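Each reported figure results from applying straightforward, stated rules to the coordinates on display, with no laboratory input. Since the model is a prediction, treat every value here as computed from it, not as a measurement. Counting neighbours? That spans all protein chains shown, and the Cβs are built from the backbone with ideal geometry, glycine included.
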Amino acid sequence: MSADTSAREESTDCTGPPPSPADTYAVRSGKPSHRQLATLTSYGFLGPNLILLGIFLFLPLGWAFLISFQESNGFGASGWVGLENYQRLATDPTFWQSALNTAVFTLITVPLSLALGLGLAVLMNSVLPGRKLFRTLIYLPMVISGVATALMGVLLFDEATGIVNKLLREGGLGGIPWQSQGSAAFASIVLVTLWIRVGFNMVIYLAGLQGISPELYEAARLEGASSWQQFRYLTVPLVGPSTFFLLIMDVIYSFQVFDTIFVMTGGGPGRSTSVLVTYAYENGFVTRDQSYAAAIGIVIFLLTLIFTAIQWRGNRSRDTAG
Amino acid sequence: MAHPLPLTGDGAATDAASRSARPGSVSRSGTGSGNGTGGFVPRVKRVSPAQRASAIARLMTAVVVGIVMMFPLYWMVTLAFSPNADVFSRELRIWPSSWTLDNFRTVFGSFPTATWFGNSVVITAIVTVLTVTVNLLAGYAFAKLDFRGKGAIFLMVLSTMMIPVQVLMVAQFRLVTQLGIYGTFWAVILPSAASAFGIFLARQFIIAIPDELIEAAKVDGAGPVRIFLQIILPLCKPLIAVLVLLTVMYQWNDFAWPLIALKDSQLFTLPIGLLYLRGQYGADYGAIMALALISITPIIIMFLAFQKYFVQGLARSGIR
């Protein structure tokens, strides 16, 4: 962090001598020292942010833990029930189905987003007429609201009147049961998710690619490396930092997918597209079992935490090893 | 997480540059021609058939990708202007049989669409002003001020970005109910403004402002507040542009929290209104697409006008 620069700054911040043990004495004797004043000013700048975060993030976070140990009746929670909500989770088939769906969704969408993002970034980094226009077209979906996108998905994939099935039927293939069959519904959500997300992956990969020295490719070409070899042995390793970053962002995004599923399938048919987040919402605001919803929320939180920690550690060891 | 987003734009560049030193076996005889960026190498003159084939293949791929990315949007526009009979006919038609504004009449006539639009504008504007102000102040403190607990607080603030909204939804709902603001705009605005979104970006930007400028102002007797207002802020225009654009986009599109925090249909934002319209009109896809089109148009215009800032901001902040 910026410890060194700010320390330097602080010493000049005081018009008097640089900070010395005398400062700490001043603190004890009650006179505000320069350091204290500086700290006070800093908290003045930070204050609005810290107050907002404290009230609307940290307080609810702690509260969510408490609620998850209570029993719910309609709106307010009442008596403590210890781990009962969590025990219920352990034996709730819908919870497990949702957890499994979340995992499968993440395992499918993340590698595909990464691969498509990198592929498109390489394409859009090469000589190409109309490159700017193509880039814009790929970015565009990511600025569109999730609800509008999902409703678009509803229309495209409608079994009876959707254009996708019309095209398929026209081409002599049968229509796909996007609404009535679980795996087809799941696939439609994956497709819409990819449509939204490749743009972001491409942005990050393009930034990564532009940091690679062109001389490396020139040298590789002189040594007779094929395009594929250049991609495999130069591009892929050199965009490693971008991949690491996107891996984190994509996993978190997939893990927390809500708008698309909530609007497109509502978790159905049956429970085939229900994920942890939609199940938590359903419990919290449809069936109004808020304590149970809070417990699911805490599980989501812990899983996010564990994933981030693993990622972080993995990246560190990779950096020190490589 | 001290540096959870190590790859922000130039970070990636320096990382890549430092790594590029590694493959030592590669001889450094490059003439400096860009990989695909053209360049002035003689080779440019002779285009071999293989190179031409590759160029054509690339262009074809790009065209196909472009069509796939654009088709859903094209389809939304088409349906919004199509008569309902088209939407439900079983025959394949990718062009309206006749253009009509009926769907827009339905949307504006039977639903408080103008009100929803206004609500979205008001909420987005207030959240943006609040968030950007608060984040600039905090970014300045983290970048240029020294105080006890700085590292720990920065870590704590950044870690909030890892907390999924859905974890908090029940407790936040209880909180806004207790505060007596449930169902009002403030129930949407305040929790949305409580975000570390942009602090990292603000800190990175402000830290690059030379300390000499600040020192000079100090010599003139300026305190931190004056330095912030007169030295830092005027230099932060590109940063402010990026923060404003990203916050507007995020808030305009936000769905899960307003869905919980609002109850009166007169106070809905556009995304919630869209869902409501769908609930009321079930399968009137034309009307749904008309409202969807209304809701996404401002953001698309903004994106096309300020694409450079958007892309830079996304690449650097890593937040969407």
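Only Cα pairs under 8 Å and at least 6 apart count here; give the relative contact order of the stretch B:53-128 as a rounded whole percent. Provide the component values of the computation, followed by the final result.
Numbers: 32 pairs, mean separation 16.0, N = 76.
Relative contact order of the stretch B:53-128: 21 percent.
Taking 45 Å as R0, compute the FRET efficiency from the Cβ-Cβ separation of A:Tyr43 and A:Arg313 and round it to 0.05.
Details: r = 33 Å, r/R0 = 0.73.
Approximately 0.85, to the nearest 0.05.
Computed over the Cα atoms of chain A, what is the convex hull's projected area averaged over all directions, in nm²?
Working: hull surface 107.5 nm².
For chain A, averaging the hull's shadow over all directions gives 26.9 nm².
At q = 0.11, 0.20, 0.25, 0.27 Å⁻¹, what is the base-10 log of I(q)/I(0) for the stretch A:63-145 according to the Debye formula with one equal point scatterer per Cα and no solvent? Please give it to two decimals.
So the normalised log intensities work out to -0.61, -0.98, -1.15, -1.21.
Over chain A, what relative contact order in percent results from Cα pairs under 8 Å that are six or more residues apart? Don't jump to the answer; show the numbers that get you there.
Working: 311 pairs, mean separation 79.4, N = 322.
Computed value for chain A: 25 percent relative contact order.
Is it possible to state the helix-based mean residue ellipticity at 222 nm for the protein assembly as shown, with each DSSP H run of 4+ residues giving -39500 (n - 2.57), the sum divided by total residues, to the nearest 500 deg cm²/dmol? What is it?
Details: 31 runs with 432 residues, N = 642.
Dividing the helical sum by the residues of the protein assembly as shown leaves -21500 deg cm²/dmol.
Compute for the stretch B:105-258: radius of gyration divided by Kirkwood radius, i.e. Rg/Rh, restricted to C-alpha atoms, rounded to two decimals.
Working: Rg = 18.8 Å, Rh = 17.6 Å.
Rounded to two decimals, Rg/Rh equals 1.07.
Calculate the length of the line joining the C-alpha centroid of the stretch B:237-265 to that of the stretch A:186-238, in whole Å.
31 Å
Place a +1 charge on the Cβ of each Lys and Arg in the protein assembly as shown and a -1 charge on the Cβ of each Asp and Glu, then give the dipole magnitude about the Cα centre in debye, rounded to the nearest 20.
Rounded to the nearest 20 debye, it is 1320 debye.
Going by amide H atoms built from the backbone, whose H comes under 5 Å of the H on A:Gln70, apart from near neighbours?
Result for A:Gln70 returns A:Val81.
For the stretch B:180-320, what is the relative contact order in percent, using Cα pairs closer than 8 Å and at least 6 residues apart in sequence? Working shown, then result.
Values: 75 pairs, mean separation 49.2, N = 141.
Relative contact order of the stretch B:180-320: 35 percent.
Run the simple label-point estimate for A:Leu167 and A:Ser226 please: 7 Å along Cα→C-beta, distance reported in nm.
According to this spin-label approximation, the distance is 3.2 nm.
By the scheme Lys and Arg +1, Asp and Glu -1, what is the net charge of all other residues having a beta-carbon under 11 Å from that of A:Tyr43?
Taking every other residue near A:Tyr43 into account, the sum is +2.
Averaged across A:155-168, how many Cβ atoms of other chains sit within 10 Å of each residue's Cβ atom?
On the way: counts 11, 4, 0, 4, 0, 3, 7, 2, 8, 2, 2, 6, 2, 0.
Mean inter-chain Cβ contacts per residue within 10 Å come to 4.
How many angstrom separate the Cα center of the stretch A:105-159 from the Cα center of the stretch B:53-71?
13 Å
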